[in-house]
Ligand code: GRF
């Protein structure tokens, strides 16, 4: 049984879908939800599923406390689901090809520094793109440049706003992220 940890900084709607998906799984279990924000709603969602939580500051993460916790909990896979801090290199190196992130755009477009959440959808709208989507990728020290595992797209019209774009993207995330994680558990 693979042990998964979810790192999230915010609401955690993706984390909820993942906990829901794996709650009766024989393949993997969500062993921990960790956040750098003590008031992040993702922690509430974890408590609802009876999943242990762990909170930490950026300083504690950079000092290795998060890595220690993941090793203590014998975590096999780290899932980033709306985690907004830069992952320390020693943490990435401790999970080679076993750290996964979801990005709310079709990388390599709209990736990199500052491209998160609504900023992405605003940029897609400003560019007048006729499609956007999600990218699920492995995390390496260059963050949004890790090996792409999965992408899904959705079409856009001129009527779309950053808010409706966000809704379409979230729908793709909730539909595909749990299944893509499940497909990785074979490795
Ligand atoms: C998602 O849009 C994801 O693509 C991005 O952060 C957002 C997290 O949303 N990395 P939620 O907290 O899971 O609702």
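The values are calculated or read from the model by the stated rules, or taken from the named source; none is laboratory data. Bear in mind that the values here come from a model prediction, so they are computed numbers and not experimental data. Cβ coordinates were reconstructed from backbone atoms using ideal geometry, including for glycine residues, and neighbour counts include every protein chain displayed.
Can we say residue 167 is in a strand (DSSP E or B), closer than 26 Å to residue 19 by Cα and modelled with pLDDT of 95 or more?
Judged against the criteria, residue 167 is not a match.
In segment 129-164, how many residues are assigned to a helix (DSSP H, G or I) and touching a strand residue (DSSP E or B) at 6+ places or on another chain (Cβ under 6 Å)?
The total comes to 0.
Being more than 16 Å from the ligand (Cβ to nearest atom) and either part of a helix (DSSP H, G or I) or closer than 18 Å to residue 134 by Cβ (or both) is the filter here, so list the residues in segment 68-91 that pass it.
Filtering segment 68-91 down to residues more than 16 Å from the ligand (Cβ to nearest atom) leaves 68-77, 88-91.
68, 69, 70, 71, 72, 89, 90, 91, listed by residue number.
With respect to residue 79, determine if the residue is out of contact with any helix residue (DSSP H, G or I) (no Cβ under 7 Å at 6 or more places or on another chain) and crowded, with 18+ Cβ neighbours inside 10 Å.
No: the conditions fail for residue 79.
Of all residues in segment 17-52, which are surrounded by fewer than 16 Cβ atoms within 10 Å (Cβ to Cβ), within 19 Å of residue 180 (Cα to Cα) and within 13 Å of the ligand (Cβ to nearest atom)?
20 - this is the single residue of segment 17-52 that is surrounded by fewer than 16 Cβ atoms within 10 Å (Cβ to Cβ), within 19 Å of residue 180 (Cα to Cα) and within 13 Å of the ligand (Cβ to nearest atom).
Of the conditions (1) more than 16 Å from the ligand (Cβ to nearest atom); (2) assigned to a loop (DSSP other than H, G, I, E, B), residue 109 satisfies every one except a single condition; which number is it?
If we test residue 109 against (1) more than 16 Å from the ligand (Cβ to nearest atom); (2) assigned to a loop (DSSP other than H, G, I, E, B), just (1) comes out false.
What's the total number of residues in segment 8-23 that are assigned to a loop (DSSP other than H, G, I, E, B) and either at pLDDT below 95 or closer than 13 Å to residue 50 by Cα (or both)?
Qualifying residue count for the region: 1.
Among the numbered criteria (1) surrounded by fewer than 18 Cβ atoms within 10 Å (Cβ to Cβ); (2) over 30 Å from residue 64 (Cβ atoms); (3) within 14 Å of the ligand (Cβ to nearest atom), which one does residue 165 miss?
Against the list (1) surrounded by fewer than 18 Cβ atoms within 10 Å (Cβ to Cβ); (2) over 30 Å from residue 64 (Cβ atoms); (3) within 14 Å of the ligand (Cβ to nearest atom), residue 165 comes up short only on (1).
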